[in-house]
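> Starting off with a structure, shown below.
The values are calculated or read from the model by the stated rules, or taken from the named source; none is laboratory data. Every value quoted in this text rests on a predicted model; they were computed, and no experiment measured them. Backbone-built Cβ (ideal geometry, glycine too); neighbour counts: all protein chains shown.
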Amino acid sequence: MLAGVKVLVIGNGAREHALCRSLSLDPDVSALHCAPGNAGIAEVAELHPVDALDGAAVARLAGELAADLVVVGPEAPLVAGVADAVRAAGIPCFGPSGEAAQLEGSKAFAKDVMAGAGVPTARSYVCTTPAEVDEALDAFGAPYVVKDDGLAAGKGVVVTDDLEAARAHANACDRVVIEEFLDGPEVSLFAITDGVTVVPLKPAQDFKRAHDGDAGPNTGGMGAYSPLPWADPKLVDEVMETVLQPTVDELRRRGTPFSGLLYAGLAITSRGVRVIEFNARFGDPETQVVLARLKTPLAGVLLASANGTLADLPPLRWSDEAAVTVVVASYNYPGTPRTGDPITGLDEVAAQDAPYAYVLHAGTKRDGDAVVSAGGRVLSVTATGSDLTQARERAYTAVARIGLDGSQHRTDIAAKAAAEA
Ligand code: AMP
Ligand code: GLY
């Protein structure tokens, strides 16, 4: 039995708000802190103005708070080794080491691990010169898939039929991965691991493009839903066997064991499941819908990963309900967003739509009495329902109450899946 767990969450997005919301509902959690957080997280956790990328400062804060568990949300602090600094201070941490987080931090490293583990993925070339780029583009043909090797918040990838645009993106990066185009729907499947045992969560689907009908540029994600009524019921077992467990085993074999959240971005192609990418942390916005369905209290699950005791954890319990989240983004996102605009309607959602719909904050901050926008993705409006149709209706009813000048959101999140279910 756990009791009186003090948790510190690192990050300031809607993912961290979703994590904090779940932890705040967990009876085992006695204190909840977040750094740096945002205006919404402040309602469930005590905020601390610490730089998420500063491992020494995060470890110091965790020590001062006598935290029993630190949860590192975003990729940048993980890649910067923040989890290593926390663990070195003797504090359990949910999240991989900086070395293991290279699975997300370097597409070339991820490809190498997949090759070693025999994990199915797109064929690819790593290129550093224009001549190599031209050769790779020619080898695969259109549509061209060109990926910046480093971290790019989901915006470093260009998928295009236009050879000149593919070349231009490739030559603007120091090192690129050019790969075969994968057809078929995308699925995000998360697994919690302690480096040995792997526990899959429920699959979700993300909407990466900015506009309805999957038009416009790639973003960090404009909405998500779970479950996936169209997916093969055996999908999770198959991905566990062909992707998740082999990848965790391979990283351990290489001496870079991976603990924390392993995120497989998958394409369900006509030739079978292929990995598009790995991430080393919870996805945003998929986490909002996956955690909305998780009934097992969260802290014990994250602690079991941090402490290496996942094998002892009872099976996770899930709600049969559906969940949908719709991202409300600033004017001009994913370009340089306009910020500082007041957000209205938050109290109305809390008064009229809770508990079925609620607003998770991403780029928000307090400005006196007002809550104002402070980033590209501003809010993640989340709802549950008996099926996707009801969850969508509830999410969009809540979105309609929100006022934010110039804001944008997609109107088709989960529409196709709800219609076909
Ligand atoms: P990534 O950052 O690798 O997840 O790529 C962002 C998005 O680009 C993915 O979610 C896909 O929509 C698209 N994408 C990436 N790689 C491929 C590929 N090989 N074939 C088709 N689409 C891709
Ligand atoms: N939703 C995509 C990501 O978290 O990378």
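> Which residue out of ASP54, ASP28 is surrounded by fewer than 21 Cβ atoms within 10 Å (Cβ to Cβ), in contact (Cβ under 8 Å) with a residue 40 or more places away in the chain and more than 20 Å from the chain's Cα centre (by Cα)?
ASP28
> Taking into account only those residues within the range 175-224 that are of a type in the set (Ser, Thr, Tyr) and assigned to a strand (DSSP E or B), which is farthest from the chain's Cα centre (by Cα)?
THR193
> Select from the range 376-402 the residues that are among the polar types (S, T, N, Q) and touching an Asp or Glu at 6+ places or on another chain (Cβ under 8 Å) and write down the one among them that is farthest from GLU348 (Cα to Cα).
Residue satisfying both the conditions and the ranking: SER386.
> Against the condition at pLDDT 95 or above and surrounded by fewer than 24 Cβ atoms within 10 Å (Cβ to Cβ), how does HIS17 come out, does it pass?
Values: at pLDDT 95 or above: yes; surrounded by fewer than 24 Cβ atoms within 10 Å (Cβ to Cβ): no.
Considered against the rule, which asks whether it is at pLDDT 95 or above and surrounded by fewer than 24 Cβ atoms within 10 Å (Cβ to Cβ), HIS17 comes out as no.
> Continuing with this model, one more query. Which of the numbered conditions does VAL248 fail, given that it passes all the others? Conditions: (1) assigned to a helix (DSSP H, G or I); (2) within 29 Å of GLY363 (Cα to Cα); (3) away from ligand 1 (no atom under 16 Å from the Cβ).
The one condition VAL248 does not meet is (2).
> Name the residue, out of VAL113, VAL133, VAL158, that is β-branched (Val, Ile, Thr) and within 14 Å of ligand 1 (Cβ to nearest atom).
VAL158
> How about the range 60-74: which of its residues are assigned to a helix (DSSP H, G or I) and surrounded by fewer than 23 Cβ atoms within 10 Å (Cβ to Cβ)?
ARG60, LEU61, GLY63, GLU64
> I'm trying to understand the selection: among the residues of the range 263-283, which are within 16 Å of ligand 2 (Cβ to nearest atom), in a strand (DSSP E or B), farther than 11 Å from ALA110 by Cβ and touching a Ser or Thr at 6+ places or on another chain (Cβ under 7 Å)?
Within the range 263-283, just TYR263 meets the criteria.
> While we're on this one: Kindly indicate which of VAL236, VAL301, VAL273, VAL327 is within 16 Å of ligand 1 (Cβ to nearest atom), surrounded by fewer than 24 Cβ atoms within 10 Å (Cβ to Cβ) and not polar (S, T, N, Q).
None of the others qualify; the one that does is VAL273.
> Just one of (1) within 16 Å of ligand 2 (Cβ to nearest atom); (2) on the phi < 0 side of the Ramachandran plot trips up ALA122, so point out which.
(1) is the only condition that ALA122 fails.
> Restricting to the range 143-155, name every residue that is more than 10 Å from ligand 1 (Cβ to nearest atom) and at pLDDT 95 or above.
Of everything in the range 143-155, nothing turns out to be more than 10 Å from ligand 1 (Cβ to nearest atom) and at pLDDT 95 or above.
> Which members of the range 109-119 meet the condition of being crowded, with 17+ Cβ neighbours inside 10 Å and away from ligand 2 (no atom under 16 Å from the Cβ)?
PHE109, LYS111, VAL113, MET114, ALA117, VAL119, listed by residue number.
> Residues being in contact with a helix residue (DSSP H, G or I) (Cβ under 6 Å, 6 or more places away or on another chain) and away from ligand 1 (no atom under 16 Å from the Cβ): count how many of those fall in the range 276-298.
So the count comes out to 3.
> Next question. Return yes or no: is ALA101 among the small types (Gly, Ala, Ser), under 27 Å from PRO334 (Cα atoms) and crowded, with 22+ Cβ neighbours inside 10 Å? Reasoning before the result, please.
Values: among the small types (Gly, Ala, Ser): yes; under 27 Å from PRO334 (Cα atoms): yes; crowded, with 22+ Cβ neighbours inside 10 Å: yes.
Answer is yes for this residue.
> Select from the range 293-337 the residues that are out of contact with any Gly (no Cβ under 7 Å at 6 or more places or on another chain) and among the hydroxyl-bearing types (Ser, Thr, Tyr) and list them in ascending order.
Those that are out of contact with any Gly (no Cβ under 7 Å at 6 or more places or on another chain) and among the hydroxyl-bearing types (Ser, Thr, Tyr): THR296, THR309, SER319, THR336.
> Just for the range 169-211: of the residues that are more than 14 Å from ligand 1 (Cβ to nearest atom) and among the β-branched types (Val, Ile, Thr), which one is surrounded by the fewest Cβ atoms within 10 Å (Cβ to Cβ)?
Among residues in the range 169-211 that are more than 14 Å from ligand 1 (Cβ to nearest atom) and among the β-branched types (Val, Ile, Thr), the one surrounded by the fewest Cβ atoms within 10 Å (Cβ to Cβ) is VAL196.
> Here's another thing I want to ask about it. If GLY90 satisfies all but one of (1) part of a helix (DSSP H, G or I); (2) at positive phi, what's the number of the condition it fails?
(1)
> If we only count strands (runs of 3 or more DSSP E) wholly inside the range 295-401, which ones have 1 or more residues that are farther than 25 Å from ASP26 by Cα?
Numbers: elements: 322-329, 342-344, 357-361, 364-367, 370-373, 377-385.
Passing ranges, in order: 322-329, 342-344, 364-367, 370-373, 377-385.
> Looking at (1) under 30 Å from GLU250 (Cα atoms); (2) within 16 Å of ligand 2 (Cβ to nearest atom); (3) not polar (S, T, N, Q), which one does GLY98 not meet, given that it meets all the others?
(2)
> Another question about this same structure. Determine whether ALA166 is in a helix (DSSP H, G or I), surrounded by fewer than 21 Cβ atoms within 10 Å (Cβ to Cβ) and either away from ligand 2 (no atom under 16 Å from the Cβ) or among the small types (Gly, Ala, Ser) (or both).
Considered against the rule, which asks whether it is in a helix (DSSP H, G or I), surrounded by fewer than 21 Cβ atoms within 10 Å (Cβ to Cβ) and either away from ligand 2 (no atom under 16 Å from the Cβ) or among the small types (Gly, Ala, Ser) (or both), ALA166 comes out as no.
> OK, next. Among all residue pairs at least 6 apart or on different chains, which show Cβ distances below 9 Å where the first residue, located in the range 269-285, is more than 13 Å from ALA122 (Cβ to Cβ) and among the aliphatic types (A, V, I, L, M) and the second is in a strand (DSSP E or B) and within 13 Å of ligand 1 (Cβ to nearest atom)?
Listed pairs, sorted by first residue: ALA280/TYR263.
> Can you tell me which of ALA391, ALA421 is touching a residue at least 40 places away in the same chain (Cβ under 8 Å) and surrounded by fewer than 17 Cβ atoms within 10 Å (Cβ to Cβ)?
The conditions single out ALA421.
> Please go through the range 395-418 and give me each residue that is among the basic types (Lys, Arg) and touching a residue at least 60 places away in the same chain (Cβ under 8 Å), ordered by number.
ARG410
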